[in-house]
Amino acid sequence: MGAAAAGHPGVGRVLVVIPTYNEADNVRRIVARVRAAAPAVDVLVADDNSPDGTGGIADALAGVDPRVHVLHRPGKDGLGAAYLAGFGWARERGYDAVVEMDADGSHAPEDLPALLHAARDADVVIGSRWARGARVLNWPWRRLLLSRVGNLYARLALGMPVSDATGGYRVYRSTALDAIDLASVRSQGYAFQVELSRLAHRAGVRIVEVPITFAEREHGDSKMSPLIVAEALWRVTRWGVRDRRAAVRGRPRALARWP
Ligand SMILES: Nc1nc2c(ncn2[C@@H]2O[C@H](COP(=O)(O)OP(=O)(O)OP(=O)(O)O)[C@@H](O)[C@H]2O)c(=O)[nH]1
Ligand SMILES: [Mg+2]
């Protein structure tokens, strides 16, 4: 089994999945920070054949560190698909927990020990920008407003007691992944995080939030687009309508598969 078998106390073997698309300026730094902040975890870079050579840089990192791995995917297929592939990779190899983390430094690896500590008593841990004690650094007011309003809408539409349903810094223990029908997930962008929050909430698994310090990316370009926001708005609205109709009829329906 080797050194990787030791894992994180109370949680087990942990894989940090970092999806990348054109993150050549960030990938070295983020992997080094993860390895320093949480030496007992493994890392999987899930790269969508980035034209800027991110995948090759990740290969070089994996070549000198047995805890670093790379999943090469043929082309840009969205954040959600990259994460689902990473989750599958982890489950095939018997990991006890997976962590979602952006490559751009917005999610501080130094917060990871606190998230993993919380995972001892939870199935899902959400690193929240909006929990008491959290900080958001250098975000323009438009992004702050979008995140606040988006989260308020998701919370009201879906009735979830989660302050940061769109946040992408999370721990999923295998108990949570077993309880969620991952094959039904269709979302790509922010909607992916909301969809997994919703499915976890509906499955009744234990979700806890931990305040994080979130920082604006310093290098590389954002992949955020009006399309990604529109997808989240559309899907959250459809889920909310379905949930309400089901509640009115008084009989729970099978989980939504939209579209
Ligand atoms: N594999 C893969 N990774 C992606 C894709 N789209 C985004 N990512 C990665 O997902 C993470 C989050 O994307 P970001 O562009 O930072 O999105 P964001 O955080 O909303 O936007 P900014 O922080 O403003 O850049 C980053 O690590 C991206 O490289 C994709 O289609 N495939
Ligand atoms: Mg980002």
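Residues that are closer than 24 Å to residue 77 by Cα number at least 1 in the following strands (runs of 3 or more DSSP E) confined to region 148-259: 170-173.
Scanning region 106-147 for residues that are under 21 Å from residue 95 (Cα atoms) and assigned to a loop (DSSP other than H, G, I, E, B) yields a count of 4.
Those residues that are open to solvent by less than 10 Å² (accessible area, probe 1.4 Å) and away from ligand 2 (no atom under 14 Å from the Cβ), I need them from region 84-100; list them, please. Before the answer, list the steps.
Taking region 84-100 and keeping what is open to solvent by less than 10 Å² (accessible area, probe 1.4 Å), we get 86-87, 90, 97-100.
If the condition is that a residue be open to solvent by less than 10 Å² (accessible area, probe 1.4 Å) and away from ligand 2 (no atom under 14 Å from the Cβ), then 86, 87, 90, 97, 98, 99 are the ones that fit.
Count, please, the residues in region 212-222 that happen to be surrounded by 16 or more Cβ atoms within 10 Å (Cβ to Cβ) and out of contact with any strand residue (DSSP E or B) (no Cβ under 6 Å at 6 or more places or on another chain). Looking only at that region, the number is 2. Taking the numbered list (1) out of contact with any Gly (no Cβ under 7 Å at 6 or more places or on another chain); (2) closer than 29 Å to residue 105 by Cβ; (3) surrounded by 18 or more Cβ atoms within 10 Å (Cβ to Cβ) in turn, residue 239 passes all entries but (2). With respect to the conditions (1) part of a loop (DSSP other than H, G, I, E, B); (2) open to solvent by 10 Å² or more (accessible area, probe 1.4 Å); (3) of a type in the set (A, V, I, L, M); (4) modelled with pLDDT of 95 or more, residue 103 falls short on a single one, namely (2). The residues in region 170-195 that are buried (at least 21 other Cβ atoms within 10 Å of the Cβ), over 20 Å from residue 103 (Cα atoms) and either under 11 Å from the mean Cα position of the chain (by Cα) or charged (D, E, K, R) (or both) can be counted, and the count is 2.
The values are calculated or read from the model by the stated rules, or taken from the named source; none is laboratory data. Just so we're clear, the structure is a prediction, and the values are computed from it rather than from any experiment. Here the Cβ is made from the backbone with ideal geometry for all residues, glycine too, and neighbour counts use every protein chain on show. The accessibility values were calculated without ligands, DNA or RNA, using every heavy atom of the protein model including side chains. Shrake-Rupley method; radii C 1.70, N 1.55, O 1.52, S 1.80 Å.
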